[in-house]
Each structure stands twice: as C-alpha cells, then as structure tokens.
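Trainee: Below is one structure. I have some questions about it.
None of the figures in this text is laboratory data; all of them are computed from the coordinates on show. Here the structure is a predicted model, which is why all the values come from computation and not from measurement. Here Cβ is always computed from backbone atoms with ideal geometry, including for glycine, and neighbour counts include all displayed protein chains.
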Amino acid sequence: MKKTKPLLIVDGSVLAAPAAKRMGRRGKRTRLQNRMFRRYVQLSIASLCLVLAMVLILVGQTGLTVFKTLSPADFFFSLDWTPEEDRFGAGSLILGTLMLTGLTLLFAVPLSVGVAVFLSEICPPWLKRIYRTMLDILVGIPSVVYGYIGLTVLLPIIRQASGENLGDGLLAASLVLTLMVLPTICRVSDDALTAVPSSYREAAYALGSTRLQMIAKVLVPCASRGILSAVILGMARAIGETMAIVMVIGNTAQMPRDLVTPTAVLTSNIVMQISNVEFDSTWSHALYMMAFLLLILSLALIILLRAVRAKGGNEA
C-alpha cells in the first residue's frame, strides 16, 4: 500500500510535509522571538525601577543624615541659611521655590491657555502649522539660552523700570520660566482642546451661543482635565529648572522684600554650593536634603498627573 505524505491545513490551504515543517519552524522561531522581546522589555522596566530606587535611596539616605546634627524644625522653618556659621535654615529657599512656581503659573497659565484656544479655534490652518512648529522649537531650546537672554535683555529692562541696581529676583526668574513653560502648556492644552468632539461645538452654536460663549462654557470645561495636566507638567518643569534661574535670580539666600530683591531657590542654591563643600559634612547633607525635597515634589506632581489622566479616562 502506498504511503501518503503528511499534510497540514493552514488558512484553508493544504500544505505538504516540507512546507508544514517550514511553517512549524517559523512558528517556533516567532514564539521564541516574542518571549525574548518580552523578557527584554521586562528587564528594561526592572532596570529603570532599580535606577530610580537607587537615586531615591542615595539622595534620601544622605539627606536625612542632616537631622543627626540639626532638628527638622530648624531646617524647615528657620529662614537663616548661613552655612559658614553652622546655620542651615532652608525655610527661605523652600518658600522662594513655592513663590517662584506660583508666580510663574500666574503669568504662564492664562497666556498659554489663551494661545491654545487661539490655535485650536480661531487661527487659520496655514498659520496654525507655523505657530505649532514655533512652539515645538521653543520647547527644544536649552535652558541656558533662556537664562542668557534674561541676563542680557530682561535684567536691563527691569533695572531701568524699577530703579534697582541689579534687577535680579523673582520677577526676572518668573518671566524667564514663563517663556520656558509656555510652549509645553500651550501644546498640551492645544491637543486637549482639539480633542473635544466637534458635535459639542455644533450643539452650542445650535442653542444660540456665540463663539466666546462656546469657548468659555463648553470647550474649556470639556478640556479642563487636559489643561490641568498641562499645568502640572509646566509646574514640574518650573520647580526643577536650574541654569536659567541661576543666571537671573541673584543667588542670595534671603526672603525677598519685593519682586526685584535678589533671592534664591532650592535648585539655584544646590548648584551654586554643592561643588564647594566637603561631602561628609552637615552642609553637604543639607544640600542633599534639598535635592531630596525636589525629588519628592517631582514624584508628587507625576502621581497627581497620572491620577488626573486616569480619572479623566474613566469618565470618558
């Protein structure tokens, strides 16, 4: 009796034994590649988590050492930062960071949202492409360039307008930061506004709304979570910015009397002093504690951002 060759049916087609073997080998190779890629992705995630944990442990452990020689109340609530006299009160630096971030958002958020509304609703398509490209370019400009522009262009204007000798302070730093965070807030807010369904706009117009009423009562409320995410991203950049701030804030650890008084924030104080202190000293530990505070603030903002996006996704 004559033997028949084994057959394999794939997608309705009958394959002979050699083709069936090739298909089998190809399937095994594909499964092996998928497993290897899955392991690679898992290893990458684990490595990233390990690096983040090591940074947190190193900075946190070194920073918390400061409380062996200094009480938490003296560090967080004292306004006297005079390391040469063993006084390490970071209160003025913490308050300066919060004041600078708040002032930056006060300038940046209305302007950024207004530009985003203009781009999504009013700007003609050909001009919209140009403006969006310009915003993308502004995002990629190094921070030291913004700082140099603030140092050479903005500070002389502030000196002339205020009558101060220097002009450094919260006003100059917040204006520079406003220019830096504005493209980020604009682009994210623009995407959020553009994602609002056109049926919402049409329904508002059908009810007799003007364009301004539609924007204020329908468009912006519907995109509020996306705009809030943009504001949080801008806040995270404002808190962590260093080089541009160092060039225009004055770098004097004191509470500012006004917006043109030289002062300092956590980032500028760290970068100006960390290279001049002994590593295993209270001064160094205090600077590491400031860095740990910045890490905690950044992580809190990221968690807040994830929570806002998750809640918005669940509501959708």
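Trainee: How do the peptides 147-153, 118-124 rank, highest first, by the average count of neighbouring beta carbon atoms within 10 Å per residue?
Mentor: Taking the mean over residues of other Cβ atoms within 10 Å, the ranking is 147-153, 118-124.
Trainee: Still on this model: Alpha carbons only, please: Rg and Dmax for segment 104-236, in angstrom.
Mentor: Here Rg and the maximum Cα pair distance are 17.5, 58 Å.
Trainee: Mean residue ellipticity at 222 nm from the helices of the chain, using -39,500 (n - 2.57) per DSSP H segment of n ≥ 4 over the full residue count, to the nearest 500 deg cm²/dmol?
Mentor: Taking each H run of at least 4 residues, the total per residue is -22500 deg cm²/dmol.
Trainee: Sort 295-304, 274-283 by packing, meaning the average of other beta carbons within 10 Å per residue, with the highest value first.
Mentor: Going from most to least packed, we get 295-304, 274-283.
Trainee: Helix 282-315: angle to the longest alpha-carbon principal axis of the chain, degrees 0 to 90, nearest 10?
Mentor: It works out to around 50 degrees.
Trainee: Sequence-distant or interchain residues sharing an amide H contact under 5 Å with TRP81, placed H: which?
Mentor: So TRP81 has HN proximity to GLY89.
Trainee: When the chain is modelled as a GNM with alpha-carbon springs shorter than 10 Å, which of GLN33, GLN42, GLN213 fluctuates the most?
Mentor: Between GLN33, GLN42, GLN213, it is GLN33 that shows the largest mean-square fluctuation.
Trainee: Within the chain, which is the longest segment containing none of the trypsin sites (Lys or Arg not before Pro) that sit in a DSSP loop and have at most 14 other Cβ atoms within 10 Å?
Mentor: 4-256
Trainee: Could you work out which residue, out of VAL181, VAL265, VAL220, moves most in a Gaussian network model of the chain, that is, has the largest mean-square fluctuation with Cα springs under 10 Å?
Mentor: VAL220
Trainee: Amide H of GLU241 versus every other amide H placed in the peptide plane: which residues, excluding those fewer than 5 positions away on the same chain, fall under 5 Å?
Mentor: Amide H neighbours of GLU241: none.
Trainee: Spelling out what I want: for every residue of segment 112-126, take phi, set θ = phi - 60°, compute 6.51 cos²θ - 1.76 cosθ + 1.60 (Karplus), and round to whole Hz; glycine and proline get x.
Mentor: Ordered by residue, 3J(HN,Hα) equals 5, 5, x, 5, 5, 5, 4, 5, 7, 10, 10, 5, x, x, 5 Hz.
Trainee: Can you tell me the dipole magnitude for the chain around its Cα centre, using point charges on the Cβ only (Lys, Arg +1; Asp, Glu -1), in Debye to the nearest 20?
Mentor: So the dipole magnitude of the chain works out to roughly 3480 debye.
Trainee: Mind ranking 105-117, 50-62 by how tightly packed they are, going by the mean number of other C-beta atoms within 10 angstrom, highest first?
Mentor: Result, highest mean first: 105-117, 50-62.
Trainee: While we're here: Put +1 on the Cβ of every Lys and Arg and -1 on every Asp and Glu Cβ in the chain; which of ALA192, ALA238, PRO262 then has its Cα farthest towards the positive end of the dipole?
Mentor: It is ALA192.
Trainee: Taking the Cα atoms only, what angle lies between the long axis of helix 170-194 and the longest principal axis of the chain, rounded to 10 degrees?
Mentor: It works out to around 20 degrees.
Trainee: A further question follows. What list of ³J(HN,Hα) values in whole Hz, one per residue of segment 129-146 in order, does the Karplus curve 6.51 cos²θ - 1.76 cosθ + 1.60 (θ = phi - 60°) give from phi, with Gly and Pro shown as x?
Mentor: 5, 5, 5, 5, 5, 4, 5, 5, 5, 4, 4, x, 6, x, 5, 5, 5, 4
Trainee: Run the numbers on the chain and let me know its relative contact order in percent, using alpha-carbon pairs under 8 Å that are six or more apart.
Mentor: Dividing the mean separation by the residue count of the chain yields 23 percent.
Trainee: Here's another thing I want to ask about it. With springs only between Cα atoms under 10 Å, which of THR178, THR65, THR242 fluctuates most in a Gaussian network model of the chain?
Mentor: Result for the chain, Cα springs under 10 Å: THR65 fluctuates most.
Trainee: Where Lys and Arg each count +1 and Asp and Glu each count -1, what net charge lies around VAL181 among other residues with Cβ under 13 Å from its Cβ? Don't jump to the answer; show the numbers that get you there.
Mentor: Working: positive: ARG187, ARG237; negative: GLU241.
Spelling it out: positives minus negatives among the neighbours equals +1.
Trainee: While we're looking at this one, here's another question. Would you please give the residues with an amide H less than 5 Å from that of THR252, counting only those at least 5 places away or on a separate chain, with H modeled from the backbone geometry?
Mentor: Correct list: THR263, ALA264.
Trainee: With Kirkwood's inverse mean 1/r over C-alpha pairs for Rh, give me the Rg to Rh ratio of segment 72-315, two decimals please.
Mentor: Reported Rg/Rh, Kirkwood definition of Rh: 1.05.
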